[in-house]
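Notes follow once the structure below has been shown.
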Amino acid sequence: MPSGAPCIYKSGPAWPEREGPQAQRFIREARPVYGHPIAPSWFKIGTEIYEALDSRNVMWTSIDPIAFANAGETMPFCPLLMWIGVKRRSLLYGAAVAAAEAIKIILGLAGFPEIEVAFRESEVTRSVAGPKLLPFSPLIDPIPEFTKPFTHTLGLSIAPHKTPYFEGTGALYLRISKGDDRIVLLTAAHVAHPPPVYSNKGMSRKGTSQPREEIITLGNMGYQRATSDIMTTIGDLARLIQVWNRVIERLGPFVPGESAAVTEKRNSNQLEVEKATKRIVDLNKLHDEVTKRRTTPDQRIIGRTYHVEPVVVGDGPNKFTRDWALIELYREKIDWDTFTGNKVYVGVFPFFFCLPLPVSSRSFSLS
């Protein structure tokens with residue numbers, strides 16, 4: 001490959017090489033695969049492959065079913081290869097051979113014994129798109145009720161990334177365990193795994209190689225509602241400014257000796273115009289921020305599903321429904337210097353209801 005990624009092992013016949021003292025190596029190029037018979041069953045086969053790798057503690061980073069051709073040639077000489085990336089210096093040759101044999105068995109049972117398997121060192125660096133959640137300080141924020149939906153303050157409106165039309169809220173922040181700086185958000189299982197899309201099964205993220213089920217802040221409706229509220233308020237304030245200005249115009253300019261009531265009325269209306277104008281400026285600034293940098297669900301990703309408990313009736317005396325899940329927050333999406341933790345903004349009055357950030361009594365150290 002042009003990148004020179006080290007190949008640890010490839011099953012099957014060796015690829016052709018140029019021979020002779022002056023021979024130069026082939027440069028291989030990856031090619032996409034179209035219309036292959038494996039496509040309809042790939043999800044099941046791919047799941048079995050990564051589960052087999054996890055069971056052998058292979059620190060894989062990617063699984064790519066792709067074709068290969070020599071650079072400059074159109075026709076692939078390798079029509080399909082299961083090309084698996086692993087972390088650098090994490091997989092010995094013998095372990096790679098054993099893992100490839102296990103995957104060949106999976107492919108053979110699925111009806112594709114001709115597909116070969118290769119391991120190469122390849123690190124995947126993930127960049128979480130979008131800006132951090134906004135800080136929130138209702139004592140000094142001029143428009144806290146409009147800023148709140150775009151902050152980490154409870155109850156945070158969240159939705160699964162792949163189904164952003166199902167929304168719910170986060171209830172509590174917890175540390176995973178003592179000595180672990182990761183923070184999870186407690187929510188309902190039916191929020192992390194909406195029943196129309198997911199079966200009622202438990203899920204725990206046991207390793208970094210496991211596929212991510214990412215969570216966003218504000219689903220489609222929540223985002224539209226939050227941005228529409230800003231624009232509606234701007235329109236309302238603009239109409240009020242017109243009313244106050246008409247009153248000021250009718251009262252006329254200040255005249256020495258005018259009644260105190262006229263002066264007070266003019267001053268109060270001017271003050272309202274100034275406050276509303278300042279509020280419109282703040283609202284426009286927030287609207288620009290959230291519509292330019294947080295429009296798409298990809299820009300609003302805040303974490304990934306860490307654990308989902310099956311929704312069942314509890315076995316305790318009160319038969320409460322067990323319906324909970326944990327969302328691990330991406331640390332780069334939170335401004336930890338302004339993180340308010342378990343505080344709930346209760347409305348237009350700048351009060352917080354505060355709870356400590358607890359360490360769970362149950363261990364959730366799954367990865």
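Coordinate-derived values only; no laboratory data. Worth saying up front: this structure is predicted, and the values here are computed from it rather than measured. When we count neighbours, we look across all protein chains shown, and the Cβ atoms used for this are built from the backbone with ideal geometry, even at glycine.
A few points about this structure:
- Between 253, 76, 195, the residue with the greatest mean-square fluctuation in the GNM of the chain (Cα pairs under 10 Å linked by springs) is 253.
- Here the label points at residue 169 and residue 277, each 7 Å from Cα along the C-beta direction, are separated by 3.8 nm in the simple model.
- Shape category assigned to the range 7-121 from the gyration tensor of Cα positions, a/c cut at 1.5: oblate
- Gaussian network model of the chain, springs between alpha carbon atoms under 10 Å - residue of 77, 254, 166 with greatest fluctuation: 254
- Of 44/333; 148/201; 87/201; 162/319; 44/201; 178/333, those spanning more than 25 Å from alpha-carbon to alpha-carbon: 44/333; 148/201; 87/201; 162/319
- Taken over the chain, the percentage of Cα pairs per 20 Å bin, counting from 0 up to the bin with the maximum distance, is 22, 40, 26, 9, 3, 0.
- Put simply, when 287-294, 151-158 are sorted by average Cβ atoms within 10 angstrom per residue, most first, you get 151-158, 287-294.
- Interchain or long-range residues, amide H under 5 Å from residue 322's placed H: 312, 313, 314
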